[in-house]
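First the structure, in the form of structure tokens, and then the observations on it.
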Amino acid sequence: MLKIWSMKKNEDAVAKKKPKTSAAQIRVQKDLTELDLPDTMKTHFPDPNDLLNFTLTITPDDGMYKGGSFVFSFAINTNYPHEPPKVKCTQTIYHPNVDLEGNVCLNILREDWKPVLNLNSVMVGLQYLFLEPNADDPLNKDAAQELIKNREHFLSNVKQSMRGYNIKGVQYQNVMG
Amino acid sequence: MPATTQDWDERYYHVDQILEKPGPRTDPGFLAGDEVKEFLREKCKILVIGAGGLGCEILANLALTGFKDIHVIDMDTIDISNLNRQFLFRPKDVGNPKAIVAAEFIMNRVPGVTVTPYYGKIQDKDDDYYMQFNLVICGLDSVEARRWINATLVNMVDPENPESLKPLIDGGTEGFKGQARVILPTVSSCYECSLDMLNKPTAFPICTIANTPRLPEHCIEWASVLEWPRVHGDKKMDTDDPEHISWLYNQAAARAKDFKIEGVTWSLTQGVVKNIIPAIASTNAIIAASCCNEAFKIATSSAAYLNNYFMLIGTDGVYSYTFEHEKRDDCPVCGGEALDMSISSETTVEQLIELLIEKQDIQIKKPSLSTPTAQIYFQAPPQLEAATRPNLTKKVSELVPADGEITVTSTSLPFSLSLRISYT
């Protein structure tokens, strides 16, 4: 058998025994403890011992969704950061890039995810959707068309939906904090 | 006639040409002769992970080069679609565990070889199990399983025990492409070091799937990503359940019809949701052969081994390239720093944090600490800071056993620092 051990002795920097903490777990610890979030975003851990499942509440202080309080669930699996976190909106909201089931159209959550991105980038990306809703990548087609056709009307729909009104037969959830 | 367990004259005539005399470039540690033959054939214990496309080839190659104590792990059963390339299996074996059928086939075909199968997951086994082997070869199709075995073998390396370092040979194929690599845990670049070299899994923008499908794959993703959770709620999709695949197929086919898209089939549906890449038998043969040659060279020291990454690209003619992938200092598995720290059993968490900040050689700011099972102190987010703040005044010895590990992360560290705590 090849004498690997002798090669090991020649390397000064060889690591000592590593902890049993998984790479995904350490990476999540690093991402979470280094979050740099503005006052408009807060995380909540239903079980503080479970770092892999939590919610993020976004309360935009500007733009059309100002005054609302939007809650997203984050679920991270053991293949993080090879795979992105799974993020869903927990409320029924009127937004061109969020469908009525809570699916979110954000490129870095799917096709443009890379392991160099982190939880902070995802959260900042989500907040951006409330500042600049994007009609080019619609998940809620009605909302997107309204945004293109008549911005004023779209804005009034947003305001009404946030107060829990019914728009075109869809009952939205009151998100006014 | 029963298979003989005795070796016969000249059984290993060709292999012995290599083991009986050193060549000009053999490793200086190589001692030609009976001892190395005895090690290979009587003592060396090798573990094969995966008994699929690569695994079948690997098992046959190892048995025929003279490895006699082979173990194999696989969690799958044989599917009819495997039979075109997984040549240890026959139609009668469909539905039976791959590991068990493969082991029996090899033992029947190659006298004197013992193949010990385990039908289950690699995660079922502990360090004691992996410690019994001299070498590990992987023929896997999953990133997650590779990350797990890589981290396990790196973690097993004990500075006091040379036997704890198990070379890992990893093979992988995707269509006409493949790679073989040798990982010497903690010595050379590990699987996690190269994670960013992986092709990212194909994913389509969710808005395309929802609104403007153009490909059959878009329709299938629509069925699995959007329709399944909408219709079934929290019920988990099982991609190994034919009924689930059929449901997805029907949904996808209906949508494809609405959008006048052709090409949605049952097998494409299964391929897309299971992320199946077409397997080519001959690519598997090349990569498995390369892995087994490395196993033979490492087990016998009879020739220079692969340092450390061989890639094969058969999509445009034949191109191959071998290079040394470098170890990463910020690798979460094998990189980072490790430090032994001896503190008083009276030291509080707060005092330990101050000690860390004061340490000149690590230059740490605002460290967050955890054990493998619990958080000790997190600087952020606010809720976790508040939840862990009461620990600051506790003694470290109440939270961490002697020789226990603490994982420290901080913006000022490339990845993490692991502390091994002893008490005075």
Keeping every protein chain present and rolling a 1.4 Å probe, give me the accessible area per residue for segment A:21-171 in Å². 44 Å²
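For the protein assembly as shown, which semi-axes, largest first and in whole Å, follow from the square roots of 5 times the eigenvalues of its Cα gyration tensor?
On the way: eigenvalues 460, 244, 69 Å².
So the three semi-axes of the protein assembly as shown are 48, 35, 19 Å.
Rounded to the nearest 500, what is the 222 nm mean residue ellipticity of the protein assembly as shown from helices alone, with -39500 (n - 2.57) per DSSP H run of 4+ residues and division by all residues? Let's see the in-between values first.
Values: 20 runs with 190 residues, N = 601.
Result for the protein assembly as shown, helices only: -9000 deg cm²/dmol.
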Say the dipole of segment A:21-171 comes from +1 at the beta carbon of Lys and Arg and -1 at that of Asp and Glu; which of A:115, A:21, A:97 then lies farthest toward its positive end? A:97
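With +1 assigned to the C-beta of every Lys and Arg and -1 to the C-beta of every Asp and Glu, and no other charges, what is the dipole magnitude of chain B about the Cα centre in debye, to the nearest 20? Kindly include the intermediate steps, with their values, before the conclusion.
Working: 39 positive and 57 negative charges, 225 e Å.
About 1080 debye.
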Checked against the positive end of the charge dipole of segment A:21-171 (+1 on Cβ of Lys and Arg, -1 on Cβ of Asp and Glu, about the Cα centre), the farthest of A:53, A:79, A:158 is A:158
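In the protein assembly as shown, carbon and sulfur make up what percent of the accessible area (probe 1.4 Å)? The partial results should precede the final answer.
Numbers: 14250 of 28520 Å².
Within the protein assembly as shown, the accessible surface is 50 percent carbon and sulfur.
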Starting from the alpha-carbon convex hull of segment A:40-88, give the projected area averaged over all orientations, in nm². 4.0 nm²
How would you order B:20-31, B:393-404, B:66-77 from highest to lowest mean count of nearby Cβ atoms within 10 Å? B:66-77, B:393-404, B:20-31
Using the Cα centre of segment A:21-171 as the reference point, and only Cβ charges (+1 on K/R, -1 on D/E), how large is the resulting charge dipole? Debye, rounded to the nearest 20. 280 debye
Treating only the Cβ atoms of Lys and Arg (+1) and Asp and Glu (-1) as charged, compute the dipole magnitude of the protein assembly as shown about its Cα centre; round to the nearest 20 debye. 800 debye
Once both axes come from the Cα atoms, what is the angle between helix A:23-33 and the longest principal axis of chain A, in degrees from 0 to 90, rounded to 10? 50 degrees
For q = 0.10, 0.15 Å⁻¹, Debye-computed log10 I/I(0) when each Cα of segment B:18-175 counts as one equal scatterer: -0.39, -0.85
Measure up A:30/B:359; A:114/B:327; B:68/B:327 against 25 Å on the Cα-Cα distance and list the ones that go over. B:68/B:327
Explain nothing, just compute: Karplus ³J(HN,Hα) = 6.51 cos²θ - 1.76 cosθ + 1.60, θ = phi - 60°, for every residue of segment A:145-155 in order, whole Hz, x for Gly and Pro. 5, 4, 4, 6, 6, 8, 4, 4, 5, 4, 4
Amide H contacts of residue B:120 (H built 1.01 Å from N, under 5 Å, at least 5 apart or other chain): B:74, B:75
Using a 1.4 Å probe and ignoring any ligands, DNA or RNA, find the accessible area of residue B:208 and quote it in Å² to the nearest 10. 20 Å²
Mind listing the phi-derived Karplus ³J(HN,Hα) values for segment B:188-200, rounded to whole Hz, using 6.51, -1.76 and 1.60 with θ = phi - 60°, and x for any glycine or proline? 10, 3, 9, 4, 5, 4, 10, 4, 6, 7, 5, 5, 7
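Within the set B:166/B:200; A:3/B:37; B:37/B:297; A:141/B:257, which residue pairs have Cα atoms separated by over 23 Å? If you can, show how the numbers build up before the last one.
Numbers: B:166/B:200 29 Å; A:3/B:37 16 Å; B:37/B:297 12 Å; A:141/B:257 21 Å.
Correct reply: B:166/B:200.
Wrap a convex hull around the Cα atoms of chain B, take a quarter of its surface area, and give that in square nanometres.
Value for chain B: 27.3 nm².
Summarise the partner chain shielding of B:375-385 as one whole number: the mean count of Cβ atoms from other chains within 10 Å of each residue's Cβ.
Values: counts 6, 0, 1, 5, 4, 7, 12, 4, 6, 10, 1.
Partner-chain Cβ atoms within 10 Å, mean over residues of B:375-385: 5.
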Just want the answer: with Cβ charges of +1 for Lys and Arg and -1 for Asp and Glu, which residue in B:30, A:131, A:147 is farthest toward the dipole's positive end in the protein assembly as shown? A:147
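For the A and B pair, go ahead and give the buried accessible area with a 1.4 Å probe, both sides summed, in Å² to 100. If you can, show how the numbers build up before the last one.
Numbers: alone 11040 and 22900 Å², together 28520 Å².
In total, this chain pair buries about 5400 Å².
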Could you work out, residue by residue across B:195-205, how many beta carbons of other chains sit within 10 Å of that residue's beta carbon, and then give the average as an integer? 4
Taking N as the residue count of segment A:21-171, its alpha carbon Rg divided by 2.2 N^0.38 Å gives 1.08
Heavy-atom accessible area with a 1.4 angstrom probe orders B:311, B:156, most exposed first, as B:311, B:156
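When DSSP beta bridges are limited to those with both residues in the protein assembly as shown, what percentage is antiparallel, rounded to the nearest 5?
Numbers: 50 of 76 bridges.
So the antiparallel bridges amount to about 65 percent of the total.
The values are calculated or read from the model by the stated rules, or taken from the named source; none is laboratory data. This structure is a prediction, so every number in the text was calculated from the model and none was measured. So basically every Cβ, Gly included, is an ideal-geometry build from the backbone, and we count neighbours across all protein chains shown. The accessibility values were calculated without ligands, DNA or RNA, using every heavy atom of the protein model including side chains. Shrake-Rupley method; radii C 1.70, N 1.55, O 1.52, S 1.80 Å.
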